[in-house]
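See structure below.
Each value in this text was obtained by applying a stated rule to the coordinates, not by laboratory testing. Treat the numbers as computed from the prediction; the structure is a model and nothing was measured. Here the Cβ positions follow ideal geometry from the backbone for every residue, glycine too, while neighbour counts run over all protein chains shown.
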Amino acid sequence: MKKIFTLSVLLSLLMGCSKLTVDNSVVPDFDLNRFLGSWYEIARFDHKFERGMEQTKAMYVLRDDGKVDVLNTGIKDGKPSEANGLAKLTETPGLLRVSFWGPFYSDYRIMLLDNDYQYALVGSGSDDYLWILSRTPQISDETKTQILTEAQNRGYDTTKLIWVKQQ
């Protein structure tokens, strides 16, 4: 039993010491009120909870308690799909904590945001997640190039992005 406990502690320490291979620092200024509302998912890294989703959109709504309701909608296998979550602010501007599964929260790091809050590059606490969001279903080639350049400069492998079909 002691060996199992020791191995568990060792594995936990090793996993906690893994190096982040990207720069996931957040924007220095962030205005939640300007961020609220609808965002289209333009591209994302593949992950289990959104696999196969198209026409994905997120709605952020401020609650009376200062937290943010998150409603993600999309189409999966030809049928509407939605997931409700909760976001809360942190002391760091541009860093939210988001949960779709009860008490488990994950980093939601806003790494790039244009001055008019029309597009965003969002990451997490690891290099496994990346999203490109826009207020419109499509972005210009110029905007796409700017966002991809930023992501690449931060160390993200943008060839892994899945470009989401929007209407």
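Bridging of K79 to aspartates and glutamates at a Cα separation below 14 Å is possible for E50, E54, once same-chain residues fewer than 8 apart are set aside. Qualifying GluC sites (Glu not before Pro) in region 63-167, where qualification requires a DSSP coil assignment and no more than 14 other C-beta atoms within 10 Å, comprise E91.
Run the helix sum for the chain: -39,500 (n - 2.57) per DSSP H stretch of 4+ residues, divided by residue count, reported at 222 nm to the nearest 500 deg cm²/dmol. Calculated mean residue ellipticity at 222 nm is -5500 deg cm²/dmol. A run of the chain free of exposed loop cleavage sites, with trypsin sites (Lys or Arg not before Pro) counted only in DSSP states other than H, G, I, E and B and at most 12 other beta carbons within 10 Å, reaches its longest extent at 64-164.
What list do you get for T136, T159 if you sort them by fewest beta carbons within 10 Å?
Working: T136 14, T159 7.
Least to most surrounded, the residues fall as T159, T136.
Panel note: the C-alpha atoms of the chain, placed on their principal axes, show extents of 57, 38, 37 Å (largest first).
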